[in-house]
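Q: Sharing a structure with you now.
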Amino acid sequence: MTRAFYALPGNEALAEALARRHDAPLLALDVHRFPDGESLVRVEPPPAEGEAVLVCSLHQPDEKTVPLLMAAATLRELGAARVGLVAPYLAYMRQDARFRPGEAISSRIFGQLLQERFDWLVTVDPHLHRIHSLAEAGMPQGKVVAAAPALAAWLRENVERPLLIGPDEESAQWVERVGALAAAPAVVATKQRFGDRDVRVRLPDLSLWRQRQPVLVDDIISSGHTLLETIAGMHAAGWAAPVCMAVHGLFGGDALARLRAAGVPDVVTTNSVPGETARIDLSADLAAALPSH
């Protein structure tokens, strides 16, 4: 089956890398936005009875999802036998339960929406907390790429004697895996959340590792408040500001500027979300995860 790739706006670099690794064409996809907020999607026709692969990292998902679904439907109408999705960052996975009466379980709703439109999906380290697989979020066709090996490789090449610190219990799975692969000690702080921008972090005893370079590791940097609270605790304990590392760099508002203002010497993320910190390339891992024809 012939395969062709399509990039939603902002995803061109990754789509080009994937197409090159699969020796497949990168075909045109255009999204025109009208003044009233609606979008018009136009695609170059896919190979007849072939496979169309859409590449779209789903940060800022509300503005991207409608064009993405329109592109998928149009490619099928134009003759694609299969339509796949490479979404390195998969949105809406954090709301995986109804915490208050009437709340939407966003992970399941969004997952089912994608399941209906795509034959397969590849993503990177989705934020799964109370659920343990994409199938539980309505996406049995989903495949997960682990970023830990790439994070560990970057650490080995760029940081001497790292001490990995997870800012909360949810980060433990990433911190411990990266630490094992990088042969570095790893510890996890505890966090209490009182609102979107109100968190309290308590650090464990770090006195055994005074000679090491601290590295904060998390799956997502969004508002940055959890990391900033952790950094404040480290400053109070006499530590220098740590390197900050994450799988997905969302950086809402002025999050990146605030981390730098706190004295952080480096912020690095994967290219699951494009941006100036996205220096850890996952294109080879994503390319290898695509299903065979």
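Q: What are the residue pairs meeting all of these: first residue in the range 33-45, first residue under 16 Å from D62 (Cα atoms), second residue modelled with pLDDT of 95 or more and loosely packed, with under 10 Cβ neighbours inside 10 Å, Cβ atoms under 9 Å, and 6 or more apart or on different chains?
A: Listed pairs, sorted by first residue: L40/F34.
Q: I've got another one for you. Please specify each residue of the range 52-91 satisfying the condition of being polar (S, T, N, Q) and either part of a helix (DSSP H, G or I) or buried (at least 23 other Cβ atoms within 10 Å of the Cβ) (or both).
A: Step one: list which residues in the range 52-91 are polar (S, T, N, Q), which gives 57, 60, 65, 74.
Those that are polar (S, T, N, Q) and either part of a helix (DSSP H, G or I) or buried (at least 23 other Cβ atoms within 10 Å of the Cβ) (or both): S57, T65, T74.
Q: Can you pull out the residues in the range 111-133 that are within 12 Å of L85 (Cβ to Cβ), of a type in the set (A, V, I, L, M, F, W, C) and either in a helix (DSSP H, G or I) or at pLDDT below 95 (or both)?
A: If the condition is that a residue be within 12 Å of L85 (Cβ to Cβ), of a type in the set (A, V, I, L, M, F, W, C) and either in a helix (DSSP H, G or I) or at pLDDT below 95 (or both), then L113, L114 are the ones that fit.
Q: Go through the range 26-44 and report how many residues are over 15 Å from A72 (Cβ atoms) and crowded, with 16+ Cβ neighbours inside 10 Å.
A: The qualifying residues number 1.
Q: To continue, here is another question. Name the residue that is farthest from the chain's Cα centre (by Cα), counting only residues in the range 62-87 that are without any contact (Cβ under 8 Å) to a residue 60 or more places away in the chain and closer than 18 Å to L14 by Cα. If you could, list the steps in order and put the result at the bottom.
A: First, pick out the residues of the range 62-87 that are without any contact (Cβ under 8 Å) to a residue 60 or more places away in the chain: 62-67, 69-70, 72-74, 76-80, 83, 85, 87.
Those left that are additionally closer than 18 Å to L14 by Cα: 64, 83, 85, 87.
Values: K64: 15, V83: 21, L85: 14, A87: 8 Å.
Step by step, filter the range 62-87, then rank; the result is V83.
Q: So, one more: Being assigned by TED's automatic domain parsing to the domain that holds P167, among the hydrophobic types (A, V, I, L, M, F, W, C), under 27 Å from R161 (Cβ atoms) and within 24 Å of the chain's Cα centre (by Cα) is the requirement here; does M245 meet it?
A: Here the answer is yes, as M245 does meet what is asked.
Q: Still on this structure: Which condition does L282 not pass, out of (1) free of Cβ contacts under 8 Å to residues at least 60 places away in the same chain; (2) among the hydrophobic types (A, V, I, L, M, F, W, C); (3) touching a Pro at 6+ places or on another chain (Cβ under 8 Å), if it passes all the others?
A: (1)
Q: Moving on to the next point. Return yes when D125 is among the acidic types (D, E) and over 19 Å from H59 (Cα atoms) and no when it is not. Please lay out each step first, then the result.
A: On the way: among the acidic types (D, E): yes; over 19 Å from H59 (Cα atoms): no.
Criteria not met by D125.
Q: For A24, indicate whether it is without any contact (Cβ under 8 Å) to a residue 60 or more places away in the chain, assigned by TED's automatic domain parsing to the domain that holds F110, in contact with a Phe, Trp or Tyr (Cβ under 7 Å, 6 or more places away or on another chain) and not in a strand (DSSP E or B).
A: Numbers: without any contact (Cβ under 8 Å) to a residue 60 or more places away in the chain: yes; assigned by TED's automatic domain parsing to the domain that holds F110: yes; in contact with a Phe, Trp or Tyr (Cβ under 7 Å, 6 or more places away or on another chain): yes; not in a strand (DSSP E or B): yes.
Yes; evaluated as a whole, the condition is true for this residue.
Q: Look at the range 96-110 and say how many of its residues are assigned to a loop (DSSP other than H, G, I, E, B) and among the β-branched types (V, I, T).
A: If we filter the range 96-110 for residues that are assigned to a loop (DSSP other than H, G, I, E, B), which is where we start, we get 96-105.
Keeping just the survivors that are among the β-branched types (V, I, T) gives 105.
Here the count works out to 1.
Q: Just to check your reading of the model, which residue among R130, R156, R94 is surrounded by fewer than 20 Cβ atoms within 10 Å (Cβ to Cβ), closer than 30 Å to A184 by Cα and outside the structural domain of P46 (by TED's automatic domain parsing)? Spell out the reasoning first.
A: Numbers: R130 fails: outside the structural domain of P46 (by TED's automatic domain parsing); R94 fails: outside the structural domain of P46 (by TED's automatic domain parsing).
Of the residues listed, the single one that is surrounded by fewer than 20 Cβ atoms within 10 Å (Cβ to Cβ), closer than 30 Å to A184 by Cα and outside the structural domain of P46 (by TED's automatic domain parsing) is R156.
Q: Among the residues of the range 201-211, is there at least one that is part of a loop (DSSP other than H, G, I, E, B), surrounded by fewer than 17 Cβ atoms within 10 Å (Cβ to Cβ), among the basic types (K, R) and touching a residue at least 12 places away in the same chain (Cβ under 8 Å)? Steps first, answer last, please.
A: The first filter runs over the range 201-211 and keeps only residues part of a loop (DSSP other than H, G, I, E, B), leaving 203-206, 210-211.
Then keep just the ones that are surrounded by fewer than 17 Cβ atoms within 10 Å (Cβ to Cβ); that gives 204-205, 210-211.
Still in the running and among the basic types (K, R): 210.
Then keep just the ones that are touching a residue at least 12 places away in the same chain (Cβ under 8 Å); that gives none.
No, the range 201-211 contains no residue that is part of a loop (DSSP other than H, G, I, E, B), surrounded by fewer than 17 Cβ atoms within 10 Å (Cβ to Cβ), among the basic types (K, R) and touching a residue at least 12 places away in the same chain (Cβ under 8 Å).
Q: Among (1) in contact with a Phe, Trp or Tyr (Cβ under 9 Å, 6 or more places away or on another chain); (2) farther than 28 Å from E276 by Cα, which single condition is T2 missing?
A: The failed condition is (1).
Q: Here is a list: V217, V175. Which entry is of a type in the set (V, I, T), in a helix (DSSP H, G or I) and at pLDDT 90 or above? Don't jump to the end; show me each part of the working.
A: Details: V217 fails: in a helix (DSSP H, G or I).
Being of a type in the set (V, I, T), in a helix (DSSP H, G or I) and at pLDDT 90 or above holds for just one of V217, V175, which is V175.
Q: Please tell me if L164 is surrounded by 22 or more Cβ atoms within 10 Å (Cβ to Cβ), part of a helix (DSSP H, G or I) and in contact (Cβ under 8 Å) with a residue 24 or more places away in the chain. Show your work before the answer.
A: Details: surrounded by 22 or more Cβ atoms within 10 Å (Cβ to Cβ): yes; part of a helix (DSSP H, G or I): no; in contact (Cβ under 8 Å) with a residue 24 or more places away in the chain: yes.
Spelling it out, it is not the case that L164 is surrounded by 22 or more Cβ atoms within 10 Å (Cβ to Cβ), part of a helix (DSSP H, G or I) and in contact (Cβ under 8 Å) with a residue 24 or more places away in the chain.
Q: In addition: Can you name the number of the only condition in (1) over 20 Å from M245 (Cβ atoms); (2) touching a residue at least 40 places away in the same chain (Cβ under 8 Å); (3) buried (at least 21 other Cβ atoms within 10 Å of the Cβ) that M139 fails?
A: Status for M139: all satisfied but (2).
The values are calculated or read from the model by the stated rules, or taken from the named source; none is laboratory data. Every value quoted in this text rests on a predicted model; they were computed, and no experiment measured them. Reconstructed Cβ throughout: ideal geometry from the backbone, glycine too, with neighbour counts over all protein chains shown.
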